[in-house]
Amino acid sequence: MKTKILVIEDDCAISELICMNLEAAGYETVAIRDGSKAEEFLKGNDAEQIALALVDVMLPGKDGFALMDDLQRTQIPVIYLTAKDDVISKVHGLKSGAEDYIVKPFEVLELLVRMEKVLKRTGRSRQQIQIKNVVINLKEHSVTKDGIEVALKPMEYELLVTLAESKNVAFSREELLNRIWGCDYMGETRTVDVHIGQLRKKLDFHDVIRTISKTGYRLEDLS
């Protein structure tokens, strides 16, 4: 079952863009564009399936700050996505109970990374990720292909999870180095290429992990 994300955003273009990118990354989305309608949704049983809410502050009907009480009653973690970048608004949003506060415009990769951190911190992260015949068990730190466990080195596993958690999103080699090997790593970006080669070989992911010219890599799963 896919992790379900509630997107409360009144701008149609932004809402559709967010939902499109989240769905490409392997999430399921529920889009609501009015604060009052969001309030009604949160009173229903469907709200129990929501793992995380992305909430705009300036909404018609009932603004995002006013929705916080309804969201907290349903115990749904909240990330505010808003154009309100003043310090007072940020402090108010975080003190009211939001897990994070992201100012528009933002990069999709940044949003996905922050979402994963909140989902892990609140115990709502995905337990498994499946790409074709490969299953990543995040709880057990194991990978199987056609039901048979595949032995991956620690950095190979971390690289696979990083790419799989943000399906269809391109990472530069530098981003992958910083996220997996750490900012203090003194080696070359060639290290990423070597590990990618091993993952492709071990998982038969030659057409799944794509090389992005002059950038880096992307794990594609459009099934």
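Contact annotation: residue pairs with Cβ atoms under 9 Å, 6 or more positions apart or on different chains, pairing a residue in segment 133-144 that is under 16 Å from Leu203 (Cα atoms) and without any contact (Cβ under 8 Å) to a residue 40 or more places away in the chain with a partner that is open to solvent by 60 Å² or more (accessible area, probe 1.4 Å) and in a strand (DSSP E or B), are Val135/Gln128; Ile136/Gln128; Ile136/Gln130; Asn137/Gln128; Ser142/Glu149. Residues that are modelled with pLDDT of 90 or more, open to solvent by 50 Å² or more (accessible area, probe 1.4 Å) and closer than 30 Å to Pro77 by Cβ occur at least once in segment 155-173. Please work out if Thr144 is part of a strand (DSSP E or B) and more than 24 Å from Leu111 (Cα to Cα). Taking the combined requirement at face value, the residue satisfies it. Looking only at residues in segment 194-219 that are in contact (Cβ under 8 Å) with a residue 12 or more places away in the chain and basic (Lys, Arg), the one that is nearest to Leu177 (Cα to Cα) is Arg218. The lone criterion from (1) assigned to a helix (DSSP H, G or I); (2) in contact (Cβ under 8 Å) with a residue 24 or more places away in the chain left unmet by Glu16 is number (2).
The values are calculated or read from the model by the stated rules, or taken from the named source; none is laboratory data. Since the model is a prediction, treat every value here as computed from it, not as a measurement. In this analysis, Cβ positions are derived from the backbone assuming ideal geometry, glycine residues included, and neighbour counts consider all displayed protein chains. When the accessible area is computed, the model is the full protein with side chains, heavy atoms only, and any ligands, DNA or RNA have been set aside. Shrake-Rupley method; radii C 1.70, N 1.55, O 1.52, S 1.80 Å.
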